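The values are calculated or read from the model by the stated rules, or taken from the named source; none is laboratory data. Every value quoted in this text rests on a predicted model; they were computed, and no experiment measured them. Using ideal geometry, Cβ is built from the backbone for each residue, glycine included, and neighbour counts are taken over all protein chains shown. To get the accessible areas, we keep the full protein, side chains included, count just its heavy atoms, and leave off ligands, DNA and RNA. Shrake-Rupley method; radii C 1.70, N 1.55, O 1.52, S 1.80 Å.
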Amino acid sequence: MKIIKTPIEGLLVLQTSVFNDERGYFFESWSKKSFNKIGLEYDFVQDNESSSKKGVLRGLHFQKPPFAQGKLVRVIKGRVLDVAVDIRKHSKTYGRYFSIELKESDNNLFWIPPGFAHGFLALENDTIFCYKCTSGYNKNSEGCLLWNDKDLNIDWDFKNPIVSEKDQKGVNFSDFNTPFQS
């Protein structure tokens, strides 16, 4: 596995080693031993999977402490534009985002530690997206930043995405009081 650091501390792209032969392919999508070896000693407690048609935008979601979630995300089928926004108050990159296209043919993983709002845009029909979480879902702890907030200025590069009513009511970043103080 090759680890690629992003411009935002903590966000990592993990390039898997894929073994192809006449039968198909094999790769290790997660290994506690490999994760611990690179200093990421997290336990995953929940796996989530979604299916989306082209143009569906989900996010920007986060869970507040003490239920904050780290997420290890990947695309099983299709392609997404995946976005993580740094909401750690004392981070040098507070309020900045990083985006990456994840697609099934690459089998790359994207590590998003606690302290980030996360969202993605499906770029193909029948996109299947999955992620491992370090904490379970807690309704009273959920939060959402507005996906098209003018201050965040995320370049989704897609006109008129399909966004849930709940996500359309996300908080503007200028009104956001982060619960992530470290």
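For a test of the definition: using alpha carbon positions, the gyration tensor, and the 1.5 limit on a/c, classify segment 21-121 as rounded, prolate or oblate. Taking the square roots of the gyration eigenvalues as a ≥ b ≥ c, segment 21-121 is oblate. List residues of segment 134-169, by number, whose backbone nitrogen lies under 14 Å from a label position 7 Å along Cα→C-beta of Ser50. Inside the label zone: 143-148, 161-169.
Among the protein heavy atoms, those of Arg74 account for about 60 Å² of accessible surface (1.4 Å probe, every chain in place). Relative to one another, the C-alpha centroids of segment 125-165 and segment 18-69 are positioned 16 Å apart.
Based on the Kirkwood radius over alpha-carbon pairs, what value in µm²/s does the Stokes-Einstein equation return for the translational diffusion coefficient of the chain at 10 °C and 1.306 mPa s?
Values: Rh = 16.8 Å.
Roughly 95 µm²/s, to the nearest whole number.
Inter-label distance, Lys33 to Ile162: 4.2 nm, where each label sits 7 Å from its Cα along the C-beta direction.
What figure in square angstrom, to the nearest 10, would you give for the accessible area of Ser29 with a 1.4 Å probe? My reading of the accessible area for Ser29 is about 40 Å².
Roughly what percent of Cα-Cα pairs across segment 1-45 reach past 17 Å? Across segment 1-45, Cα pairs with separations above 17 Å total 44 percent. Have a look at Lys132, Lys37, Lys54 and tell me which one the Gaussian network model of the chain (Cα, springs below 10 Å) gives the largest fluctuation. Result for the chain, Cα springs under 10 Å: Lys37 fluctuates most.
Overall, the chain carries a charge dipole of about 300 debye about its Cα centre when +1 sits on the Cβ of Lys and Arg and -1 on the Cβ of Asp and Glu, all other atoms neutral. The Stokes-Einstein estimate for segment 75-144, based on a Kirkwood radius over Cα pairs and taken at 20 °C with 1.002 mPa s viscosity, is a diffusion coefficient of 161 µm²/s. When the helices of the chain are scored as -39500 (n - 2.57) per DSSP H run of n ≥ 4 and the total is divided over every residue, the value at 222 nm lands at -1000 deg cm²/dmol. Springs join every pair of Cα atoms under 10 Å in this Gaussian network model of the chain, and among Lys32, Lys159, Lys150 the largest mean-square fluctuation is at Lys159.
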